[in-house]
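Just so it is clear, none of the values below were taken in a lab; they were calculated from the coordinates. From a predicted model like this one, the values you see are computed outputs, not experimental measurements. We place every Cβ from the backbone using ideal geometry, glycine too, and count neighbours over all the protein chains shown.
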Amino acid sequence: MVLESDVKGISRLADIRIPEDEIAEFTKQFNEIIDYFDILDMVDAGIEEDTPLYNIFRDDEVEPSLDQEEAISNSGETEEGFIRAPRVM
C-alpha cells in the first residue's frame with residue numbers, strides 16, 4: 001500500500017512538484033495501479049517455469065557508418081568535434 005508520505009518522497013526523487021491538495025488523489029491512483037498489478041500476477045501466462053533460458057550470440061559485423069563531421073552536421077552547437085548540449089546541473 002502506498003502512503004501519502006511515499007507519494008511525497010517519489011515526487012521529491014522525480015523532481016515533480018505535486019500540490020499538497022493533490023497528494024491524496026495521487027496516493028489513491030498509485031494504489032489503484034498496484035491493485036491492477038496484483039490482478040495481473042494472478043493471470044496464468046501459460047509459460048512453464050522449467051522453460052530453459054539461453055542467450056543468442058552473433059558475430060559483430062562492421063558496416064559503413066557516418067564519419068564524425070556528418071554525425072554532428074545537424075546539431076545546433078558543436079565544440080571541438082562534439083555536440084554541445086546545455087548543462088543539466
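A DSSP coil position with no more than 13 other Cβ atoms inside 10 Å describes the following trypsin sites (Lys or Arg not before Pro) in segment 1-44: 17.
Excluding the sites themselves, what is the longest stretch of the chain that contains no chymotrypsin sites (Phe, Trp or Tyr not before Pro) in a DSSP loop with at most 10 other C-beta atoms within 10 Å? For chymotrypsin sites (Phe, Trp or Tyr not before Pro) (loop position, at most 10 other Cβ atoms within 10 Å), the longest site-free span of the chain is 1-53. In this rough spin-label picture, where each label sits 7 Å from Cα along the Cβ direction, the residue 36-residue 78 distance is 4.5 nm.
In the list (i) 11, 18, 14, 21, 30, 6; (ii) 15, 27, 31, 18, 9, 1; (iii) 18, 51, 25, 5, 0, the label attached to P(r) over Cα pairs in 10 Å bins from 0, in percent as derived from the coordinates here is (i).
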